[in-house]
Each structure stands twice: as C-alpha cells, then as structure tokens.
Amino acid sequence: MAEQIDLTLEELTDRILDQRVQLAEQITEEQNKRYSRLRSMSENLLPLRIGLVTLYGEALSMDPLERANRIEKWGLETGKQCAEMGTTLDSMLKEVPLYRNAIGELIKEVAITYDYSAAKLYEVITVLDQTVNEIVYYFCLPFVEVQTKNLQASQEQMLEMSVPVVPVDNGVAVLPLVGTIDTHRAKMIMEESLTKCLELNVDQFVIDLSGVAMVDTFVAQKLFQVIDSLKLIGVVPKISGISPEMAQTIVQLGLDFKEIPSYATLKAALSEIGFKR
C-alpha cells in the first residue's frame, strides 16, 4: 500500500511538472489582464512562476523536512526578487488562487485515474494547503523587509528636509525650524547643524524658531545641546523668532536664555550680524 501511495504521488508530481510551463504562461496571461503594469515584468516573472509550479508539484512527493526547507529558500529568494523588481504584494497574492485552482484540477484528474480514496485525497489536499500557506508566509517576509527599509529611508529623507540649514552669506547660515520637535528630529537638528556648519565654514549660526508652535523643557534642552555643541566648534549661535507667548513660557519654565543672543525676528538677527539683502 505504501508503494502504491508513492507511485501515485510521483505520477501527480510528474503530471504537474509536465504542464508547469503552460500553467505559468496561463497565470502570466491572467495576471497581465488584471494588472497591466505587470506586462513589462512578464519576461522576468515567467521563470519565477515556472519555478513556483515546479515547487508545488515536487512538494507533494517530498518528505516534510525537505519540503519546509525548499519552501523557505524559494520564498525568501523569490520574494526579495519580486519586491526589488517593483511588483506589489497585493498583485502577487492575487496569484495564489490561480495556482491552487490549476493544481487542484490536476489533482482531481489523477485522483480519478488512480481511484483515490477519500483519505488519500484528503492527504494530498492537506499537503497542498500547507505548501500554499508556507509559500505565502516566506514570500511575504522580504516584501515587509523591503517596505520597512523604504519607509525608513523616506522618514530619514523627510527628517533631513525638516532641518534645512540655509547659507545666507559668507560664514552665516540660518536654520529655520517649523513644526514640532521630537526626539528623532532633535537628533537630526544636532547632526545637520554641526555637519553643515563645518562644511560651509560657518561662524555665525541663527536658529529661527518662528515656525515652532511650542517650546517646552524638552525642546529647550535640545536647543541648549545644539548651542553648546556649536560653541565647541567655534560657531557663534543665535536664536530668533521668539514670540511674546514663547518668551512667557520660557520664563515660566525657568529656562535661562540670557547667555544666548536672542532676537524677535530673523531679520533683526541678520541685521545684527551685518547681513543686508
């Protein structure tokens, strides 16, 4: 009985492998109709689809450990390829039912030919379902990783754009801050201020707070850290844009800005430096 089971599973695997190219081409055609942007990737996606059909077929007659290892390797490698190629996870997951249905039809044909018992058919379908689930899991992991890296890169780019050090004259630069200052942005302010001052050979640096909604203890502490660091590299820091409301808050918090040249407007700070438009 065991030998018969092996033979029928091998027959099923062979039947799927014999039709892997046709199945992959059929799935490619259906996906191109559904997602027009995939057409330009068809030449690269077709070999991957053929490889997936091959994996589905061979998985049916593999032992569980070998099957798990093959699926993990294929999923991680192919998922990364597809993610870097520019496909979307949504479009790739929409292919899953196409493979399940096509291979399911082949299983039905072989089951009828070899007169599978209900138990035998259940065994084969169970292996197929487990294979599908594991392929989807490992295939998705690289997409999540790539998307996470892209998100982090976008966030870093946005942070850099939120710390625009602007040179306005020889040795003079301005940092106009807008919005809320949190931990990540405070770190970026520190790094960008020091880096740009050294790159631009700045000796007068104005931090403009006109666009900052609120100055609390955290914001003030970070500003003091930036100012102290600038002094260490020979830069004279100044602060502008302190509104009456902000001044009251600073006094109420007991913060000491006395040793830092402060101005109501950026224009006043630049005039003091001697900059003229």
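The values are calculated or read from the model by the stated rules, or taken from the named source; none is laboratory data. None of the values given here were measured: they were computed from a predicted structure. Ideal geometry is used to build each Cβ from the backbone, glycine not excepted, and the neighbour counts take in all protein chains shown. What goes into the accessible areas is simple: the full protein's heavy atoms, side chains included, and nothing from ligands, DNA or RNA. Shrake-Rupley method; radii C 1.70, N 1.55, O 1.52, S 1.80 Å.
Quick look at the numbers
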{"read-out": "Unmet criterion (only one of (1) over 17 Å from Pro164 (Cβ atoms); (2) out of contact with any strand residue (DSSP E or B) (no Cβ under 7 Å at 6 or more places or on another chain); (3) surrounded by 18 or more Cβ atoms within 10 Å (Cβ to Cβ)) for Asn201", "value": "(3)"}
{"read-out": "Test: residue in the stretch 1-10 that is open to solvent by less than 80 Å² (accessible area, probe 1.4 Å) and without any contact (Cβ under 8 Å) to a residue 12 or more places away in the chain", "value": "yes"}
{"read-out": "Leading residue by the ranking (modelled with the highest pLDDT) among those in the stretch 181-197 that are open to solvent by 60 Å² or more (accessible area, probe 1.4 Å) and within 24 Å of the chain's Cα centre (by Cα)", "value": "Glu191"}
{"read-out": "Cβ pairs under 8 Å, 6+ apart, first in the stretch 199-217 and more than 11 Å from Ala173 (Cα to Cα) and of a type in the set (A, V, I, L, M), second open to solvent by less than 70 Å² (accessible area, probe 1.4 Å) and in a strand (DSSP E or B)", "value": "Leu209/Leu177; Leu209/Ile239; Leu209/Ser240; Val212/Leu177; Val215/Leu209"}
{"read-out": "Checklist (1) within 26 Å of Ile125 (Cβ to Cβ); (2) within 25 Å of the chain's Cα centre (by Cα); (3) basic (Lys, Arg) applied to Arg39, failing item", "value": "(1)"}
{"read-out": "Residue selected from the stretch 235-264 under the condition among the β-branched types (Val, Ile, Thr) and over 28 Å from Leu200 (Cβ atoms), by the criterion modelled with the highest pLDDT", "value": "Val251"}
{"read-out": "Top-ranked residue of the stretch 156-166 - restricted to ones that are surrounded by 15 or more Cβ atoms within 10 Å (Cβ to Cβ) and not in a helix (DSSP H, G or I), ranked as modelled with the highest pLDDT", "value": "Val165"}
{"read-out": "Some residue of the stretch 143-155 being under 22 Å from Leu23 (Cα atoms), out of contact with any Phe, Trp or Tyr (no Cβ under 7 Å at 6 or more places or on another chain), assigned to a helix (DSSP H, G or I) and not polar (S, T, N, Q)", "value": "no"}
{"read-out": "Count of residues meeting criterion [under 21 Å from Leu128 (Cα atoms), open to solvent by 30 Å² or more (accessible area, probe 1.4 Å) and either β-branched (Val, Ile, Thr) or part of a helix (DSSP H, G or I) (or both)] in the stretch 78-95", "value": "1"}
{"read-out": "Residue list for the stretch 61-77, filter: closer than 30 Å to Lys33 by Cβ, open to solvent by less than 60 Å² (accessible area, probe 1.4 Å) and not hydrophobic (A, V, I, L, M, F, W, C)", "value": "Gly75"}
{"read-out": "Residue satisfying all of: in the stretch 231-243; open to solvent by 50 Å² or more (accessible area, probe 1.4 Å) and outside any helix (DSSP H, G or I); nearest to Thr180 (Cα to Cα) among these", "value": "Val236"}
{"read-out": "Selection count, the stretch 122-140, where residues are open to solvent by 20 Å² or more (accessible area, probe 1.4 Å) and in contact with a Lys or Arg (Cβ under 9 Å, 6 or more places away or on another chain)", "value": "5"}
{"read-out": "Hey, Val146 closer than 23 Å to Val236 by Cα and either modelled with pLDDT of 70 or more or among the small types (Gly, Ala, Ser) (or both) or not", "value": "no"}
{"read-out": "Matching option when the condition is without any contact (Cβ under 8 Å) to a residue 24 or more places away in the chain and part of a loop (DSSP other than H, G, I, E, B), among Asp256, Asp228", "value": "Asp256"}
{"read-out": "Hits in the stretch 131-146 - residues which are touching a residue at least 24 places away in the same chain (Cβ under 8 Å) and among the polar types (S, T, N, Q)", "value": "Thr131"}
{"read-out": "Residues of the stretch 244-264 satisfying the condition of being out of contact with any Lys or Arg (no Cβ under 9 Å at 6 or more places or on another chain) and surrounded by 14 or more Cβ atoms within 10 Å (Cβ to Cβ)", "value": "Met246, Ala247, Thr249, Ile250, Leu255, Phe257, Ala264"}
